[in-house]
């Protein structure tokens, strides 16, 4: 089977297309023939060494397809089932892979493998951010950075469905139009405007109770400065680099602020949490409140070009690798 692996850490140039033996599922595992593979910023963290991985390794944490074989003791799925997954061991950048059966989810008829691979990681991230990490309430005004990105578009739509007013930040006017069409009531061009000052203007000086920040270093101070008293900064990603270390007193000076750095996999740690998160995502999609924007598709062999586009801020919405 074709796969994309790395033998050393570095830039997109370390991605290599290789031929590997077709794996067989062991006890508790299923063999998934991929129909679509999700591209996520976490893939670049593994490639660059920001998140260490044992080398050589096939990258990727998200995919969807059809079960081709089941290992001993598996009762959750049978051959022919449509499944998707997000997280767990690396290995998605391949035509097929084995995966733990209790960490995959069944796809409802309304969700195609393309949509599942585009939405599961980003969508379950949005679910726990909005419903469990900080529970957004109707009538609140929230700030979402990178609102035209894969997570940002889902966050904005879902928050709007919850009754929130959404302020989004984006890098250019075309992304501003996309964010506005997907739930943002106000859009700030962070390259042209002072984000915190604009947030204060929109909120009548109060600030927002929560900031969802998947960008990291470049937005960290603006995020803190946009918060209302006792507000929470949810730093869930590092697209521009790691957020800086700060003394705890900085939170007190900002108005008894809260800071958290959550990860999806701590919120879907059990099979029950995984199933509940996926079910909530599929339900909000079935309602029509959240639509998935698959804006880019790359053949699996062009994973390098996909990484270059992602890191070059040349993508919007979700990106797929097609095996």
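All of the numbers you see were taken from the coordinates with simple rules; none came from a lab. Quantities reported herein were computed from a predicted structural model and do not represent experimental measurements. So basically every Cβ, Gly included, is an ideal-geometry build from the backbone, and we count neighbours across all protein chains shown.
Net length available on complete extension from residue 305 to residue 172 is 45.7 nm, with 0.36 nm assigned per residue and the Cα-Cα distance removed. Taking the simple approach of a point 7 Å from Cα along Cα-to-Cβ for both residue 245 and residue 81, what is their distance in nm? Roughly 4.5 nm, to one decimal. Estimated at 0.36 nm per residue, the fully extended path between residue 218 and residue 22 surpasses their Cα-Cα distance by 66.4 nm. List residues of the stretch 127-155, by number, whose backbone nitrogen lies under 11 Å from a label position 7 Å along Cα→C-beta of residue 193. What the label zone holds, given the 11 Å backbone N cut-off, is no residue at all. Alpha-carbon geometry of the chain: the Rg and the Dmax are 19.6, 61 Å, given in that order. Of the peptides 264-271, 113-120, the ranking by mean beta-carbon count within 10 Å, highest at the top, reads 113-120, 264-271. Simple spin-label estimate for residue 131 and residue 291 gives 2.2 nm between the two label positions (7 Å along the Cα-to-Cβ direction from each Cα).
Directionally averaged projected area (the stretch 204-323, Cα convex hull): 10.4 nm².
Extension gain, residue 230-residue 265: 0.36 nm per intervening residue step, less the Cα-Cα distance, totals 10.0 nm. DSSP beta bridges fully contained in the chain are about 55 percent antiparallel. Our summary gives the chain a relative contact order of 18 percent, counting only alpha carbon pairs under 8 angstrom and 6 or more residues apart.
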